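The values are calculated or read from the model by the stated rules, or taken from the named source; none is laboratory data. Since we're looking at a predicted model, the values are computed, not measured. Neighbour counts are summed over all protein chains in view; Cβ atoms, including those assigned to glycine, are modelled from backbone coordinates with ideal geometry.
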Amino acid sequence: MMNTERRVSAPGRVNLIGEHTDYTGGLVMPMTIDRWTRITFREHDRILLTSADEAEPADVAIDCTEPSAVQPAWARFVAAVAAEMRPRTGIRGSVTTSIPIGAGLSSSAALEVAVALALGHDADPVPLAQLCRRAEHRATGVPSGIMDQLAIAAGRAGHALLIDCHDLTVAPVAIPEHAEIVVRFIVHRTLVGSPYAERVAQCAAAEQLIGPLRSATVTDTSSITDPTTRARARHVVSENQRVRDFAAAISGGDLAAAGALMIESHRSLRDDFATSSPAMDAAVDEAIRTPGVHGARMTGGGFGGCIVALCEPGAIPDGWVVTPVDGARLEPSPDTAT
């Protein structure tokens, strides 16, 4: 039987605006970027993957049922996808990535999506994202939303994605040719052990009081008596509106208006949602003082990671200029050796 070598590629993503809204069914606007996780593989009776960035391989049975117990830690993402998929066959191969790990650019989600495609998922973006989100929960215990996985599965070259995380619709929004998106890494972070789950719980508490935040107004949030819960809800409600306004500004080529909304988003995350840090705030302040920068904000869930800036070309020379690319895909290989 021929066992053809194949390859899957899954891009990272940067979130332009819409932070901590996805797990309440709100709006987000991420963009897939030209940094990839790739798996080159052949069929095998187990899932055996080596990584250029990890000392130990992932060696997982295709009938794995307890992914959170798998070692090393990175193999839990592989095992969790397998546990969700229950594949008929495994894979043997190698993983490489140009997505910085711990930078908030969705390296874990890219790995999950790549593994699912390699194991035979049909690549329909919504069910693929839903499966990989469940896998993330099983691997980490972090109650994250669906933005990362859906963006990576549904990415479109030249476009950001306006995603409604309630009905899971995806609307591509073209990035103007005269706009440059720059990402700067500030400090390593992980959501495991962070206050992320606490923020999810605080939003859930707010919804018990005023109903779904995706349909609430800022006036509705003023009825919440606890100041912390009220602030968390106010961020989510106002952020949803900023996403709508940002999409309209980008569609109209108004980079100044879009940049101003990014700055508002960062301040809301800093003041109402408390997910920024002095280092992130200083980096955003430095960026927005730079000539040619329309706006900047922290990106990727908070508690460290990266900032993203909307700029004129060449305004920030020491960051990563990122380009929107197509989503994850299975690539046939010319190698047909057994």
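Going through (1) assigned to a helix (DSSP H, G or I); (2) assigned by TED's automatic domain parsing to the domain that holds residue 234; (3) modelled with pLDDT of 95 or more; (4) not polar (S, T, N, Q) one by one, residue 148 falls short only on (2).
Looking across 94, 68, 98, 51, one residue alone is among the hydroxyl-bearing types (Ser, Thr, Tyr) and surrounded by 20 or more Cβ atoms within 10 Å (Cβ to Cβ). It is 51. In segment 39-47, is there at least one residue being in the same structural domain as residue 106 (by TED's automatic domain parsing), closer than 19 Å to residue 101 by Cα and buried (at least 21 other Cβ atoms within 10 Å of the Cβ)? Within segment 39-47, one or more residues are in the same structural domain as residue 106 (by TED's automatic domain parsing), closer than 19 Å to residue 101 by Cα and buried (at least 21 other Cβ atoms within 10 Å of the Cβ).
Only residues that are outside any strand (DSSP E or B) and out of contact with any helix residue (DSSP H, G or I) (no Cβ under 8 Å at 6 or more places or on another chain) were counted across segment 281-311, and they come to 10.
Rundown of residues vs (1) touching a strand residue (DSSP E or B) at 6+ places or on another chain (Cβ under 6 Å); (2) buried (at least 19 other Cβ atoms within 10 Å of the Cβ), yes/no style:
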{"site": "133", "(1), (2)": "no, yes"}
{"site": "140", "(1), (2)": "no, yes"}
{"site": "146", "(1), (2)": "no, yes"}
{"site": "153", "(1), (2)": "no, yes"}
{"site": "183", "(1), (2)": "yes, yes"}
{"site": "197", "(1), (2)": "no, no"}
{"site": "203", "(1), (2)": "no, yes"}
{"site": "221", "(1), (2)": "no, yes"}
{"site": "225", "(1), (2)": "no, no"}
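For segment 163-262, which fully contained helices (runs of 4 or more DSSP H) count at least 1 residues that are touching a residue at least 40 places away in the same chain (Cβ under 8 Å), under 29 Å from residue 124 (Cβ atoms) and of a type outside the set (Phe, Trp, Tyr)? Because the criterion is at least 1 residues that are touching a residue at least 40 places away in the same chain (Cβ under 8 Å), under 29 Å from residue 124 (Cβ atoms) and of a type outside the set (Phe, Trp, Tyr), the helices (runs of 4 or more DSSP H) in segment 163-262 that meet it are 196-210, 227-251.
Remark: residue 94 falls outside the filter, which requires a residue to be of a type outside the set (A, V, I, L, M) and either modelled with pLDDT under 95 or not assigned by TED's automatic domain parsing to the domain that holds residue 29 (or both).
The rows are residues; the columns are (1) polar (S, T, N, Q); (2) touching a strand residue (DSSP E or B) at 6+ places or on another chain (Cβ under 6 Å); (3) free of Cβ contacts under 8 Å to residues at least 60 places away in the same chain.
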site: 31; (1), (2), (3): no, yes, no
site: 63; (1), (2), (3): no, no, yes
site: 67; (1), (2), (3): no, no, no
site: 73; (1), (2), (3): no, no, yes
site: 101; (1), (2), (3): no, no, yes
